[in-house]
4 protein chains.
Amino acid sequence: MTAPTEFQVFQEIAKRISNWGRWGDDDEIGTLNLVTEDVVRAAAACVRSGKRFELAVELRQQGIQTGIIPGRVNPLHTMVAINWAMFGEDAVATSDDAATLGLQAATHWDGLGHVSHGGRLYNGHSADSITPHEGATRCGIEKTPPLVTRGVLLDVARAQGVERLPGDAAIGPRELDAAEELAGVEVRPGDALLVRTGQMAHYLAGDREAYGFPSPGFSIHAPEWFHARDVAAVANDTLTFEVFPPEVEGLFLPVHLLDLVEMGMLQGQNWNLEQLAADCAEDGQYDFLLTAPPEPFTGGTGAPVAPIAVK
Amino acid sequence: MTAPTEFQVFQEIAKRISNWGRWGDDDEIGTLNLVTEDVVRAAAACVRSGKRFELAVELRQQGIQTGIIPGRVNPLHTMVAINWAMFGEDAVATSDDAATLGLQAATHWDGLGHVSHGGRLYNGHSADSITPHEGATRCGIEKTPPLVTRGVLLDVARAQGVERLPGDAAIGPRELDAAEELAGVEVRPGDALLVRTGQMAHYLAGDREAYGFPSPGFSIHAPEWFHARDVAAVANDTLTFEVFPPEVEGLFLPVHLLDLVEMGMLQGQNWNLEQLAADCAEDGQYDFLLTAPPEPFTGGTGAPVAPIAVK
Amino acid sequence: MTAPTEFQVFQEIAKRISNWGRWGDDDEIGTLNLVTEDVVRAAAACVRSGKRFELAVELRQQGIQTGIIPGRVNPLHTMVAINWAMFGEDAVATSDDAATLGLQAATHWDGLGHVSHGGRLYNGHSADSITPHEGATRCGIEKTPPLVTRGVLLDVARAQGVERLPGDAAIGPRELDAAEELAGVEVRPGDALLVRTGQMAHYLAGDREAYGFPSPGFSIHAPEWFHARDVAAVANDTLTFEVFPPEVEGLFLPVHLLDLVEMGMLQGQNWNLEQLAADCAEDGQYDFLLTAPPEPFTGGTGAPVAPIAVK
Amino acid sequence: MTAPTEFQVFQEIAKRISNWGRWGDDDEIGTLNLVTEDVVRAAAACVRSGKRFELAVELRQQGIQTGIIPGRVNPLHTMVAINWAMFGEDAVATSDDAATLGLQAATHWDGLGHVSHGGRLYNGHSADSITPHEGATRCGIEKTPPLVTRGVLLDVARAQGVERLPGDAAIGPRELDAAEELAGVEVRPGDALLVRTGQMAHYLAGDREAYGFPSPGFSIHAPEWFHARDVAAVANDTLTFEVFPPEVEGLFLPVHLLDLVEMGMLQGQNWNLEQLAADCAEDGQYDFLLTAPPEPFTGGTGAPVAPIAVK
């Protein structure tokens, strides 16, 4: 009898963690169903000092994108009026701006419509429900319920004793366990996990190419860990979310498939966890109230978000 | 001796409520300085039931803008990839989107750079600090600290016994007092006020023209009320924020000038307060934790926001 | 024996005028194959006085679109730099602009990828060859050969003795014959026809709604007239190109189908023929050199064009 | 007595070639005034074979811009509808697109509003006439008269016996004389000159960085040569138009100043002259009818153009 191939392992995981049908056949929000009012009250109870942390990077032309993902353009911010004395020279003058941006160009959530497999989105919704004209008519990002829950920082880099994980580090159950132990917090149903690799330091230092890839990120075994704990959402501080180049040759974005299609769980990318992590290391509090509502673009398959952690 | 003209009254208010220099000559965030850690802890203490309310309208092509504000375009959402099998037919397929939008087209904050008067922004910063190339180099929206505080709903329409204020209703101290009394909450320093006129019902019913104007909104006497209580920010459910056409003939956007330039206080427009207001009327709790971080466009004079109220 | 229904008539026309296979199975440019070097030389021979006419309307925010065609947005022109002294105050200062626009928002060509029928584009190319990621990979507008040919103005309004055709006027062979006679020019293979209805006067007078529809335009019998003469392209001065509301109830955009899918012939819309027509009426010369290259957006299904007529 | 410095030389040239006031104080089109009806007739007389050449590069995301010119973004082409059966499954289905682009991102004309010096545009118009709200209210690109004239290819690279000029080659009178002699055509008032350096080969080979700079281009002495012959416009096949890095240390974009501000002459950049040049070398005909109308963006300081040469 032979050992299963990595691909067979992956397929087994996919079966075990599927949430299709769990919240009804019409469900379009997946694991966000796990954020109950109890969870929200517990999240509020995490607020002790009143410290707040912004987790988004700025939206700007010299942003994260380097051109390797077609069409995912950095924000172009333009002024359509500057000190415009529309009501005469003595009155107030107004300034106004417009922007063009890839919705997943900077700090964002991947919506459940972001990936499909075999013609199916999460919960079996047809991939054809996404059209150029209307965007995602099923699982659109605008259907996200108000996203506030308990957040837990899993500082994998610190738990491994490094400032930044190497580019080929695949984060699996062992690394998540270690980070949970460092945090001193038990991950619970409905939590949002913020998983720090340290990769963001490249971007903050101005090196977009190094930030892009090779990149540490999740292993195909991480989703099973998320599923076992019934977390509501997971974000990290990388472009690719999962380890890239991929662990298993020829198996591209397997974690995207497991998280988004099978589990119906939002994925956050390009989150800046540096300041939050430094503070958690200092005061030892790794749980907090997290708010992270995606901008409600109708039919969006993802959206920018300006998350805040409150301790 | 004659009574002062309305214009003189306005000028006197401007003098009395100015916050220039109050937080130092370099300050660029104004009344958000009032949101202390104590305020944040008190905000968290408002979370009792765990109920959550999304206050943004959807970002979409058939949105709020009708074309009367030049350049403030409704969001154009486009797909740059749909179920794109970039890694082969058996792998996951990805969908990705891009958008062009006026930053103040839908639910948004006016940043402190949004209006100037006499060549000056809040705190005396030069209006010339806004350039086409860089946007607002002073008071840019990306400088907003993580915006979470206690929110208080002042349901002026309900306090007046109507579903929607008439188009010429100017909200002043008397109306604010009545709404505060209805709320049963004492407005405190650092609070964000959400002031409901009911005007949003027009938009939700599909009538964008009626929503635009005539519109109820603040009187020039409202900012003095805000200043006396040292509130951190004010949002309402209208396009124009202040009553429009204006109260005083020839005096355009005077409330914008008082709030943004003199006080340095963020203004929120096009907030959907309908569900929140219905719930407050039902359970009698008019205070809550509010998170409302603007999307951090570098140099933005305003930005979209997806506010959440948590009770 | 009963008379054929209008729908049967339409189907018969479709069969008769099909150009599928005429220029090979791989052809992607249709009737532009008819513009030979002989035709171009004859076009140049039309230049007698040296008079020139611009036929495009300006690209601007207050343009032709009213919002009824989803996603076809008027141009948003923004400045990304104004007098920017990037090299110091003594050097030149630069200004630079960016724009977002629907490619078919103003004066444009419909490319052969603009419409499909039964899953097929012109010449049987699969409609699936158009993707969100790459646009039209078959029949893309960038494949248009350099578009210069003889133009002929058919001033249908003038030939009918009116300044503007009524909103329900369907232009068929009879009207085209009359306009050709007025022009005193025999339409020949490879010609581009500019057909004037006078509808543009609505737009030029500021009434975008009236311009949109009801609109005079081509009847389903016009394409057969075009085909019999083997013209290379046809443009007019309307939004809808064909009469709208349609002639035959339930048969929408039949002329688009006949022209673009069956014949493979470019259609031009929103062309401003007013000045040219006035001049032709005055000097009696209705033929000219026409240049009208679409902006070569890779994968475009249409594109803006700034046509010039030279007499 | 000492020799004049390079800067003094430049200032003397500026004085000698100024066209301010030449066509009246209100003039906004500069040397395009030189394109008379006689010139246009002579241009038409150049059409002998009927051969046509497209001189624009495609408008696409992977275009010429590399990010070094802030805000000048490559075209983002998106589909807003693909085979959309808006009228039912049996009717035609429509596809439609939208784009965001820097107006000077690809093959374009610099309009006369593109650069200012000392607060002045061409003809003394105030640089303040360009506003974020309206763009260039003087010298806007939409004011360009229908641009058709005689074109002359000056193949400087071929005249110098190379495929591509080296990156530091500054094209002055000597090189222009040699290319004119190679062409066998006398440059005349009202001509548009297309000057080939061969630099475009870098871009066509996929090397955008090498294409950008160092780049051959015009010397500060070239504009005097253009002025002496009263040419109407000049385009070449480079990003920077003039030699870059600049000839004279500390003197940036001096040719832009001389051409646009002093002479009021349109400059064309990123024109693809490769096929045209090969044909001219073969048949020995270097003059042709050129049409090159900029897309008429209201208030544009530049605009994309799809030029055609007809021989």
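The values are calculated or read from the model by the stated rules, or taken from the named source; none is laboratory data. Source: prediction; values computed, not measured. No Cβ is skipped: glycine too gets one built from the backbone with ideal geometry, and neighbour counts run over all protein chains shown. What goes into the accessible areas is simple: the full protein's heavy atoms, side chains included, and nothing from ligands, DNA or RNA. Shrake-Rupley method; radii C 1.70, N 1.55, O 1.52, S 1.80 Å.
If I ask for residues that are part of a loop (DSSP other than H, G, I, E, B) and in contact with a Pro (Cβ under 6 Å, 6 or more places away or on another chain), which ones from segment C:42-59 would you list? Step through it out loud before you land on a result.
Going residue by residue through segment C:42-59, those that are part of a loop (DSSP other than H, G, I, E, B) are C:45-51, C:55-58.
The answer is C:L55, C:A56, C:E58.
Of all residues in segment D:208-240, those being open to solvent by 30 Å² or more (accessible area, probe 1.4 Å) and touching a Phe, Trp or Tyr at 6+ places or on another chain (Cβ under 7 Å) number 2. Only one of A:A178, A:A183, A:A157 is touching a Phe, Trp or Tyr at 6+ places or on another chain (Cβ under 8 Å) and either on the phi > 0 side of the Ramachandran plot or touching a residue at least 12 places away in the same chain (Cβ under 8 Å) (or both). Can you tell me which? Testing whether each residue is touching a Phe, Trp or Tyr at 6+ places or on another chain (Cβ under 8 Å) and either on the phi > 0 side of the Ramachandran plot or touching a residue at least 12 places away in the same chain (Cβ under 8 Å) (or both) leaves just A:A183.
List the strands (runs of 3 or more DSSP E) inside segment B:72-181, counting only whole elements, that have at least 1 residues being open to solvent by less than 20 Å² (accessible area, probe 1.4 Å), touching a strand residue (DSSP E or B) at 6+ places or on another chain (Cβ under 6 Å) and farther than 24 Å from B:M263 by Cα. Don't jump to the end; show me each part of the working.
Values: elements: B:76-84, B:93-102, B:108-110, B:148-155.
The qualifying strands (runs of 3 or more DSSP E) are B:76-84, B:93-102.
I'm trying to understand the selection: among the residues of segment D:228-273, which are in a strand (DSSP E or B) and within 13 Å of the chain's Cα centre (by Cα)? Spell out the reasoning first.
So the first thing to find is which residues in segment D:228-273 are in a strand (DSSP E or B), and the list is D:233-236, D:242, D:244, D:266-269.
Within segment D:228-273, D:A233, D:V234, D:A235, D:N236, D:E242, D:L266, D:Q267, D:G268, D:Q269 meet the criteria.
Go through B:A201, B:A192 for me and flag whichever is in contact with a strand residue (DSSP E or B) (Cβ under 7 Å, 6 or more places away or on another chain), closer than 23 Å to B:D279 by Cβ and either at pLDDT 95 or above or charged (D, E, K, R) (or both).
Details: B:A201 fails: in contact with a strand residue (DSSP E or B) (Cβ under 7 Å, 6 or more places away or on another chain).
Every option except B:A192 fails the conditions.
Considering each residue of segment A:301-308 in turn, at least one proves to be touching an Asp or Glu at 6+ places or on another chain (Cβ under 8 Å), more than 30 Å from A:G50 (Cβ to Cβ), open to solvent by less than 10 Å² (accessible area, probe 1.4 Å) and at pLDDT 95 or above. Being at negative phi and free of Cβ contacts under 8 Å to residues at least 12 places away in the same chain is the filter here; which residues of segment B:203-242 pass it? The answer is B:A205, B:D207, B:A210, B:A228.
All told, A:D279 falls short of being buried (at least 23 other Cβ atoms within 10 Å of the Cβ) and not in a loop (DSSP other than H, G, I, E, B).
When the residues of segment B:59-71 are filtered to those that are among the hydrophobic types (A, V, I, L, M, F, W, C) and either open to solvent by less than 40 Å² (accessible area, probe 1.4 Å) or more than 8 Å from every other protein chain (Cβ to nearest Cβ) (or both), which remaining residue is nearest to C:P132 (Cα to Cα)? So the residue we want is B:L59. Residues in segment A:19-38 that are under 19 Å from A:V305 (Cβ atoms) and in contact with a Ser or Thr (Cβ under 8 Å, 6 or more places away or on another chain): A:I29, A:L32, A:V35.
Conditions (1) facing chain D (nearest Cβ under 10 Å); (2) small (G, A, S); (3) touching a Phe, Trp or Tyr at 6+ places or on another chain (Cβ under 6 Å); (4) on the phi > 0 side of the Ramachandran plot, marked per residue:
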site: C:N270; (1), (2), (3), (4): no, no, no, yes
site: C:D279; (1), (2), (3), (4): no, no, no, no
site: C:Y286; (1), (2), (3), (4): no, no, no, no
site: C:A292; (1), (2), (3), (4): yes, yes, no, no
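Exactly one residue out of B:V234, B:V255, B:V195, B:V248 is closer than 22 Å to B:Q104 by Cα and within 14 Å of chain A (Cβ to nearest Cβ): that is B:V255. In this structure, C:P189 does not satisfy being surrounded by fewer than 22 Cβ atoms within 10 Å (Cβ to Cβ), in contact with a Leu (Cβ under 8 Å, 6 or more places away or on another chain) and free of Cβ contacts under 8 Å to residues at least 12 places away in the same chain. Inspection of segment C:288-308 finds a residue satisfying the criterion of being farther than 22 Å from C:A42 by Cβ, hydroxyl-bearing (S, T, Y) and either assigned to a loop (DSSP other than H, G, I, E, B) or under 13 Å from the mean Cα position of the chain (by Cα) (or both). With respect to the stated conditions, C:A56 is surrounded by 14 or more Cβ atoms within 10 Å (Cβ to Cβ) and of a type in the set (A, V, I, L, M, F, W, C).
Restricting B:L273, B:L253 to those that are of a type outside the set (S, T, Y) and either crowded, with 24+ Cβ neighbours inside 10 Å or farther than 13 Å from B:G217 by Cβ (or both) reduces the list to B:L273. Being among the basic types (K, R) and within 16 Å of the chain's Cα centre (by Cα), is that true of even one residue in segment C:194-212? Within segment C:194-212, one or more residues are among the basic types (K, R) and within 16 Å of the chain's Cα centre (by Cα). For segment C:105-162, taking the residues that are away from chain D (no Cβ under 12 Å) and touching a Ser or Thr at 6+ places or on another chain (Cβ under 7 Å), the one that is farthest from C:L32 (Cα to Cα) is identified as C:A157.
Restricting attention to segment B:1-41, which residues are part of a loop (DSSP other than H, G, I, E, B), surrounded by 13 or more Cβ atoms within 10 Å (Cβ to Cβ) and not hydrophobic (A, V, I, L, M, F, W, C)? Once the filter is applied, which keeps residues that are part of a loop (DSSP other than H, G, I, E, B), surrounded by 13 or more Cβ atoms within 10 Å (Cβ to Cβ) and not hydrophobic (A, V, I, L, M, F, W, C), segment B:1-41 yields B:S18, B:N19, B:R22, B:D27, B:E28, B:T36.
Residues of segment A:32-89 that are aromatic (F, W, Y) and under 18 Å from A:R150 (Cβ atoms): A:F53 alone.
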